[in-house]
Amino acid sequence: MSGGGEAVLDQWRSRIAAAAAAGTSLRLRGAGTKDFYGEALEGEILDLGAWRGITAYEPSELVITARCGTPLSELETELGSRGQMLAFEPPAFGADPTIGGVVAAGLSGPRRPYAGAARDFVLGTQLLSANGELLRFGGRVMKNVAGFDVSRLLCGSLGILGVITEVSLKVLPRPREEQTLRLELSAAAAVEAFNRWAGQPVPLSAAAWQQGIAMLRLSGAAPAVRAACERIGGERVLGEAADAWWSALRHCRLPLFSSEALWRISVPAAAAPLTLGAEPLIDWGGALRWYAGIDAQTPVRALARAAGGTALCWRGPAPGGRFQPLPAAVLALHRRLKARFDNAGIFNRGRLLAGL
């Protein structure tokens, strides 16, 4: 474990107090791997990387606790040594994010529809508020649910409510067996098949499609995985080739992700392919669609809304903001939460929502 103990928190309290007194914004930053993500980057940087280290790990309880600046790689190495993992597969974007940033962003990888989202694994958090108070929510064990909803609230908040100083996460054992299947299918056929298999006793842990190829990952007990492979058919993708493909999808390193204009669209898993004038990369068994190179005049958000979903401008021109505009009642709720947790309005101003 590294860091300067309570001295680090005291330094942060001094910076927070000074910002509150001056009415200026603080930009919370771990490793900076998601600087591209969100509406705006405003204010002086408050570097959170010094507050790091795993503070508790009980493999038998499937719980790990770490300070916000702890690198994701350090957590995953420790978990891997005990045959465990972060089941929501947070993306690293080819770098090494901090666990605080992972929780603040709330992003999940290919296993998300089958294992759960990032917020489902957050058991407890500590938050340094705008008045310098260290608030604790939830706990380190699954049965301690006091304040659990607040911990979930912080997941995906992009730091606008305060400094997430520590987080306790539920972890899962690594699957005993994993196999990847490759099938040639159209986009519509792949979406139909993904949803059909999801309703059957098939140990799916990822399902994606791109350029006429469906990729399925099956995880679990060896007999169940073998039976599913025989039932579904297709070509088996073995060892390093399979791991490399799923890693590239998880960490957003496939060629599509380098596009200058990229949309991330969430829809019901069974939704038909959207008519956006471009071929998508489909993930989450149909529930997540990535589109690159869409004409600037295409009403992306209207089409996503018509399909029962939302659209996020991942990269490129973002008319109306990067995130889907919120209904008035939901926006009002966000404003009340911001005022409750950060009454000085100093943390990550404008990062999640303009004006907050």
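Any read-out appearing in this document is the output of simple, stated calculations on the displayed coordinates, not a laboratory observation. Predicted, not measured: the structure shown is a model, and the values here were computed from it. When we count neighbours, we look across all protein chains shown, and the Cβ atoms used for this are built from the backbone with ideal geometry, even at glycine.
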Worksheet item: What full-extension length gain, to one decimal in nm, is calculated for Arg196 and Asn131 as 0.36 nm per residue of separation minus the Cα-Cα distance?
Response: 18.3 nm
Worksheet, complete the sentence: Under the rule rounded for a/c under 1.5, else prolate if a/b exceeds b/c, else oblate, using alpha carbon gyration tensor axes a ≥ b ≥ c, the stretch 55-156 is classed as rounded
Worksheet, complete the sentence: Length gained if His334 through Asp10 is fully extended, taking 0.36 nm per residue and subtracting the Cα-Cα distance, is 113.8 nm
Item to complete: Give me the net charge of Asp283's neighbourhood, meaning all other residues with Cβ under 10 Å from the Cβ of Asp283; Lys, Arg count +1, Asp, Glu -1.
Response: +4
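What longest range of the chain stays clear of loop-exposed GluC sites (Glu not before Pro) (DSSP non-H/G/I/E/B, at most 10 other C-beta within 10 angstrom)?
Working: sites that count: Glu133, Glu260.
Between the exposed loop sites, the longest stretch runs 1-132.
What does the C-alpha gyration tensor say about the overall shape of the stretch 126-264? Classify as rounded when a/c is under 1.5, otherwise prolate if a/b is larger than b/c, or oblate.
Details: a/c = 2.75, a/b = 1.78, b/c = 1.55.
The shape class here is prolate.
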Discussion item. Is the C-alpha gyration tensor of the chain telling us rounded, prolate or oblate? Criteria: a/c under 1.5 is rounded; beyond that, a/b larger than b/c is prolate, otherwise oblate.
Written reply: oblate
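Once R0 is set to 22 Å, what does the formula 1/(1 + (r/R0)^6) return for the Cβ-Cβ distance between Ser186 and Arg231, expressed as a FRET efficiency to the nearest 0.05? Walk me through the intermediate numbers first.
Details: r = 21 Å, r/R0 = 0.95.
About 0.60, to the nearest 0.05.
Of all DSSP beta bridges located in the chain, what percent are antiparallel, nearest 5? Present the calculation step by step, with values, prior to reporting the outcome.
Working: 55 of 60 bridges.
Around 90 percent of the beta bridges assigned by DSSP in the chain are antiparallel ones.
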Item to complete: Give the distance, in whole Å, between the Cα centre of the stretch 227-268 and the Cα centre of the stretch 52-90.
Response: 24 Å
Worksheet item: With charges only on Cβ, +1 for K and R and -1 for D and E, what is the dipole size of the stretch 2-68 about its Cα centre, in debye, rounded to 20?
Response: 120 debye
Worksheet, complete the sentence: Calc'd 3J(HN,Hα), the stretch 324-339, phi into Karplus 6.51 cos²θ - 1.76 cosθ + 1.60 (θ = phi - 60°), Hz, glycine/Pro = x, comes to 4, x, 8, x, 4, 5, 5, 4, 4, 5, 4, 5, 5, 5, 4, 5
Discussion item. Helix-only estimate, please: 222 nm mean residue ellipticity of the chain, summing -39500 (n - 2.57) across DSSP H runs of length 4 or more and dividing by its residues, to the nearest 500.
Written reply: -8500 deg cm²/dmol
